[in-house]
Amino acid sequence: MAEKTWGGVFNEATDRRVEQFTESVSFDRRLFAHDIAASIAHAQMLSQVGLLTPEECRQIEQGLEAIRLEIEQGKFEFRIEWEDIHTHIERALIERIGDVGRKLHTARSRNDQIATDLRLWVRDAINRIDVRLLDVQKAFIGRCDRDAGVILPGYTHFQRAQPVLAPHYWLCYCEKLQRDRERLADCRKRVNVLSLGAAALAGTSLPIDREEVARRLGFESVAANSLDVSSDRDFVLEFVFTLAMIAEHLSTWAEEWILWSTVEFDFLKLPQAFCTGSSIMPQKVNPDVLELTRGKTARVVGNLQTLLVLIKGLPLAYNRDLQEDKEPLFDAFDTVDSALSLAAPLIAQTELNLPAIAERLDRGYLDATTFMEYLIGRGIPQRTAHGLVGRLVRTAMDRGVRLADLPLTEFQAAAPDLDESVYGVLGVEQAVAAMQSYGSTAPAEVRKQVERWKKRLEI
Ligand code: ARG
């Protein structure tokens, strides 16, 4: 009984099954470095306000540093009866430096301690994911020069629609991931707030200096309501939502490239190092990394769902339910982190199959819409032009030819004042070249955007 940090009031020992059910050290040990950093800042503040002597503070700091090293070297003993990472470190400290260690938990509760550790951890995780996203963006931008001028079919409803420059596709993903980076930066502001000093729920009667702790830990501000910060995990949810959004974006890319790598599309050749084979079909080279990128999105979304349900209807302030926030958080982070780390090299090393793409670009009447716009430019109302081009496409389809293969008489039968200049707008190259709106796939616009991205990402 004396074993527990909270054992004073208890007359009976904890049931072993309860220890197993309630422990968190099997997963929250991952917070050890952040827990120690927060404890050191806390001790230094305690010493500054006179709740510890400088000598006591020095001993605590040294003890904590030694424990950090022990954990890093894998020499630290974890036991589930010591519940969580906070208790482990505190116990180890007391074992190492004696009674002085018993002062560390002054003006602090595990409730504000865990909230602080998590905020420090999420802050680092945000920084890491941001770098990963930047790497993926750079991989796409790197392709833009390589694939400049390459035309791909663009799709809606997964049917061939209009021609699009390959870099326009790559920049599309850069835009999506940029919004994810902005979401991370915004979330970081709300993460970067000091919880410590909220104590259990009500604050403390001891003369602590929270500003000082915030400064030492690099927090931008101090949480203004002790009930609020010890009870909420909204910052965890925001981060996991952003991870889910990143996973969703990656899953669209993965899906697209899986399709593009099939014999049916044959648009690209994935690097073999990022594919795996079949145990029965000797010829198979499967896009498993892309499939798992798509598949693992499910667990990230599941983790978000878990967290949303977890906090629903919790009364104020701290409830032990909140311990269940860590595994979904860690899993969401690990999943997205690893998917991003594979995405960047996969994007860079994939080759477009230019002859196969070009060979079939003439199919699907990708130039029909710009042809219609050409007619609008000649004064034909849009609805009329739409019907007219539709009929011409039908004629070409029936003959199994491109629009550009129809004789002028055919165009003139549709609209008498058409002349040879129609052939100047037909075909995918001319359809792309005809584009001019901001944000379109117009070659000049895309070039400008590539330059803008290079500047923005400092490439
Ligand atoms: N392991 C706990 C958690 O992750 C730490 C806080 C425990 N607080 C408590 N009063 N039992 O939430």
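Structure summary
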item: Restraint check, Lys4/Lys103; Lys176/Lys455; Lys176/Lys448; Lys296/Lys455; Lys296/Lys326; Lys189/Lys448, Cα-Cα greater than 23 Å; result: Lys296/Lys455; Lys189/Lys448
item: Fewest-first ranking of Glu182, Glu420, using other Cβ atoms within 10 Å as the exposure measure; result: Glu420, Glu182
item: Counted charge near Gln48, where neighbours are those whose Cβ lies closer than 9 Å (Asp, Glu -1; Lys, Arg +1); result: -2
item: Mean Cβ count within 10 Å, highest first, over the residues of peptides 168-178, 274-284, 194-204, 402-412; result: 194-204, 168-178, 402-412, 274-284
item: Total formal charge among the other residues, if their Cβ is under 15 angstrom from that of Met435, Lys/Arg +1 and Asp/Glu -1; result: -2
item: Separation of alpha-carbon centers, the range 244-266 and the range 290-316, rounded to whole Å; result: 22 Å
item: Helix-only [θ]222 nm of the chain, DSSP H runs n ≥ 4, -39500 (n - 2.57) each, per residue, nearest 500; result: -19500 deg cm²/dmol
item: Alpha-carbon radius of gyration plus Dmax, which is the widest Cα pair, for the range 117-228 in Å; result: 22.3, 70
item: Counting all C-alpha pairs of the range 362-423, share separated by more than 14 Å (%); result: 51 percent
item: Prolate/oblate/rounded call for the range 1-79, Cα gyration tensor, a/c under 1.5 rounded; result: oblate
item: Size-normalised alpha-carbon gyration radius of the chain, reference 2.2 N^0.38 Å; result: 1.35
item: Cα-based Rg and Dmax for the range 282-336, where Dmax is the largest Cα-Cα distance (Å); result: 16.3, 60
item: Neighbour net charge for Trp170 - beta-carbon separation under 9 angstrom, K R +1, D E -1; result: 0
item: Gain on full stretching of the segment that runs from Ala298 to Arg215 - 0.36 nm per residue minus C-alpha separation; result: 26.0 nm
item: Pair Thr14, Arg378: separation of 7 Å Cα→Cβ label points (nm); result: 8.3 nm
item: Unit charges on C-beta of K, R, D, E only; dipole of the range 405-459, Debye; result: 740 debye
item: Folded to 0 to 90 degrees: helix 166-191 orientation relative to the chain principal axis, Cα; result: 20 degrees
item: Separation of alpha-carbon centers, the range 317-372 and the range 160-222, rounded to whole Å; result: 23 Å
item: Highest-first arrangement of 242-248, 353-359, where packing means the average Cβ count within 10 Å; result: 242-248, 353-359
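Rule-based calculations on the coordinates, nothing more; no lab input. All values reported here derive from a predicted model rather than from experimental measurement. No Cβ is skipped: glycine too gets one built from the backbone with ideal geometry, and neighbour counts run over all protein chains shown.
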